[in-house]
Amino acid sequence: QVQLVESGGGLVQPGGSLRLSCAASGSIFSIYAMGWYRQAPGKQRELVAAITSGGSTNYADSVKGRFTISRDNAKNTVYLQMNSLKPEDTAVYYCNAEGVIRYDGGGPYDYWGQGTQVTVSS
């Protein structure tokens, strides 16, 4: 079935940068939106950034001006460039694909990646 594979997480110092990637694979005809959510211990999962197939973007206020989301529709891949990282950015980051239509006509379905740890610490 459809799978989301994430990469790019890790440990970085405050003020540093990371670039997350997420590739959706499988029998996919189209994906309406792809995005990134994050969840820190004891907190609710929150939307970090999302982008539609048409290029419309949405960012959490806490990351505006620091993070940039982009997407390659042909590759069903979404990226999150994270600059000026802060300790409060520490969380598990989850890739999301919303409104997935499969080649067999099935859908729309939503899919989640397994998550990748981002730790910002000195």
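The values are calculated or read from the model by the stated rules, or taken from the named source; none is laboratory data. Since the model is a prediction, treat every value here as computed from it, not as a measurement. Backbone-built Cβ (ideal geometry, glycine too); neighbour counts: all protein chains shown. In case anyone asks, the SASA skips ligands and DNA or RNA and just uses the protein heavy atoms, side chains included. Shrake-Rupley method; radii C 1.70, N 1.55, O 1.52, S 1.80 Å.
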*Y109-N83 pseudo-label distance in nm [points 7 Å out on the Cα-to-Cβ vector]*: 3.7
_Residue-normalised accessible area of the chain, expressed per residue, 1.4 Å probe, Å²_ = 53
*asked:* Please give me the summed charge of the neighbours of A24: other residues whose Cβ is under 15 Å from its Cβ, Lys and Arg +1, Asp and Glu -1.
replied: -1
_Quick check: at a probe of 1.4 Å, how many percent of the accessible area of the chain sits on carbon and sulfur atoms?_
46
*Using the C-alpha gyration tensor of region 1-121, what are the square roots of 5 times its eigenvalues, in whole angstrom, with the largest one first?*
26, 14, 12
*asked:* Take R66 and S27, extend 7 Å from each Cα along the Cα→Cβ direction, and tell me the distance between the two endpoints in nm.
replied: 4.3
